[in-house]
Structure formats: C-alpha cells, structure tokens
1. Nearest 500 deg cm²/dmol is fine: what mean residue ellipticity at 222 nm does the chain get from its DSSP H runs of n ≥ 4 alone, each adding -39,500 (n - 2.57), divided by its residue count?
2. Can you pull out the trypsin sites (Lys or Arg not before Pro) in segment 221-258 whose DSSP state is coil and whose Cβ has at most 12 other Cβ atoms within 10 Å?
3. Name the most mobile residue of Y216, Y140, Y154, meaning the one with the largest mean-square fluctuation, in a Gaussian network model of the chain with Cα contacts below 10 Å.
4. Taking R0 as 41 Å, what's the FRET efficiency between A49 and R262 from their Cβ-Cβ distance, rounded to 0.05?
5. Using modelled backbone amide H atoms (1.01 Å from N, in-plane), which distant-in-sequence or interchain residues come within less than 5 Å of A207's amide H?
6. Whole-Hz Karplus ³J(HN,Hα) for segment 24-35, in order, using 6.51 cos²θ - 1.76 cosθ + 1.60 and θ = phi - 60°, x for Gly and Pro?
7. List the residues whose amide H sits under 5 Å from the amide H of G121, counting only those 5 or more places along or on another chain, with H placed 1.01 Å from N in the peptide plane.
8. For a quick check: with amide H placed at 1.01 Å from N, whose amide H comes under 5 Å from L98's, ignoring anything fewer than 5 positions away on the same chain?
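The values are calculated or read from the model by the stated rules, or taken from the named source; none is laboratory data. Given the structure is predicted, the values throughout are model-derived calculations rather than measurements. In this analysis, Cβ positions are derived from the backbone assuming ideal geometry, glycine residues included, and neighbour counts consider all displayed protein chains. Surface areas here come from the heavy atoms of the whole protein model, side chains and all, with no ligands, DNA or RNA. Shrake-Rupley method; radii C 1.70, N 1.55, O 1.52, S 1.80 Å.
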Amino acid sequence: MALFDLPLDELREYRSESTEPEDFDAFWSKTLQEAREHDLDARFEPVDAGLATVRVYDVTFAGFGGHPVKGWLLLPAGAEEPLPVVVEFVGYGGGRGLPHEHLLWASTGRAHFVMDTRGQGSAWGGGGGTADPVGGAPAYPGFMTRGIDAPENYYYRRVFTDAVRAVEAARSHPLTDAARTVALGSSQGGGITLAVGGLVPDLVAVAPNVPFLCDYPRATTLTDRHPYREIALYLKTHRGRFDDVLRTLSYFDGVHFASRGRTPALFSTALEDQTCPPSTVFAAFNAWAHDDKAIEVYDFNDHEGGGPFHQAEQMRWLRSHA
C-alpha cells in the first residue's frame, strides 16, 4: 500500500483523541514506588563474546515485582572513565539477542545497555532469556491484550517498569555517566522509549524510532496489521468492551508519556508504515512537551523507516547531547 494515512501537512497538526486518565501520574508513581521496594540488585558478569573492540557484561537486575530481567552492557574495550550511556529497548517479539548484534553504540565511544523484554525473544533475532512470571485474564495470542482487563494487570505495566529499572541499572555501573543517559529504540522499543522519557525526568535525550504503542483509539481502528490487530481480534470475541479496553490502554499510551517529556527528542516515521501508522507517531511527536524536538519523515518507506540512514541521523544528532 502506498500513502494511506493523513497528508503530511495534516499530520503535522494532528492531535490524538486518547483520553488521559485523571490518575495517570498517581498510577505510575505508585507502580514505580512498589518496584523500588525491591533491591535493584544489578549484577554485571563479564562475558567472552569473542569481540576484540568491545567488552561485554551479562546483566541481571530486578524489574517489576522484583522479577529478574536480563540485559547486555557493552563498553569500548579501552574504557577507563565513565561514558555516556545509551539504553536501548527492542522491537516486538525480539529479545536482547547476542552481543555481536549490538556493536553500533559502543563503536561510537558510548556505553550501550540493551534490555531484554520479558516474555518475548522468540520471534526474531538471537532470542531472549527473561520470563514473565505474571499470569493474566484471557488474551489474544501475542502481548497486546495480556491483562487488558485492568491497568493494574496489563502486560506493559510490567515492561515499562522494567524499562525504568533498566535505566537505573545502567546508571549503576561505574563506567557509565548517569548525567549523560540516552534512551532509544525502534517500534515497540520506540514506544518503551516514550514511556521512559515520560517517567525518567533527567535523561539528556530520547530517540523513539517509528514508535509503537501510541494513540490507541486511532491505531486500533486505522490499521489491520499486527500487533495492533491483536486488540481488534480480541474485541471481535469480547464484544462491546471497546471503551473498557481503551481505558486500560490509556495508561500506556505514548501520547500521554510524551506530554511529560522533559528532554530533547528525535522521532522518526514512515508514510507507508501500516504497522505504526504515521498519524499515531505524529500524535506522540506533537504532544512531546520539550521544545527541542525533531521528526525525520521517510516518504516511501514502510515499518523499516529510515533503516541505516536513520541510524546515521541518530549518530549525528546525539553528538550534540551525549
């Protein structure tokens, strides 16, 4: 499909109709407070990954509920002083993979922390190793409707909490400079980045690339591509529950995290992207609260967005921030 969403001039003015819950901040404050009652217990075990230019650490830290979450920390081999740190979140279905899949950011002279996504890591890449020990109500296969019966039970409550704790774990290593922390990711990783950008007030930059998990009222009725399609298929069986589902999802909408963004941001979108439609990305971008923000638009691309061209843009842009 070619261009299917709003014209670009309308996208630049588009605002989401997602309704922010009155207790949004209280919900997340309580969630993170409960998570921090567990010792972070960040452990960094050296790994011989066969890489000469990068040092690799196998990371375990306590995420939501104190559950163990895995990650990688990669450092330039000669690092002796604290470095800016890039915390990366991965796309839907993927896991932290293998260390040699993550060489870019350490090659720029930064520390690079990659968070595994609980319960995922079985659809592409080198896999993952973090379980999700929490059960839930009936759900459509995938992750989008797990625990969708209530915000307290929803799957992404656990993932977003893990992500905030991942930033804390990354900052706890002696060779990372907590004052120069960047969050970034693509697709689901971009959506997680938006959540972290709204929940962690002192990042120096965020870079959500073709972000997922934004503007649910529009996304669920505009595209029939997965993963958003999981929600529609759930509602196909659970008839008449759309308002209830939107209420749960409103606590996890990137648009509402964006309105709390306090740091420079570089977004990207692709105008043929049916997985994360451009209007849903612009909904978050237009809501981003910090004045220093930019969005790269890839006119004739689908969910791959700018690919390596956008990575080059991220590298250029980050030179001014970390």
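1. Values: 11 runs with 103 residues, N = 322.
That comes out to -9000 deg cm²/dmol.
2. R239
3. Y140
4. Working: r = 35 Å, r/R0 = 0.86.
E between A49 and R262, to the nearest 0.05, is 0.70.
5. A183, L184, G185, L266
6. Result, ordered by residue: 3, 5, 5, 4, 6, 4, 5, 4, 6, 4, 5, 5 Hz.
7. Those qualifying (amide H under 5 Å, at least 5 residues apart or on another chain) are G93, G94, G95.
8. G126
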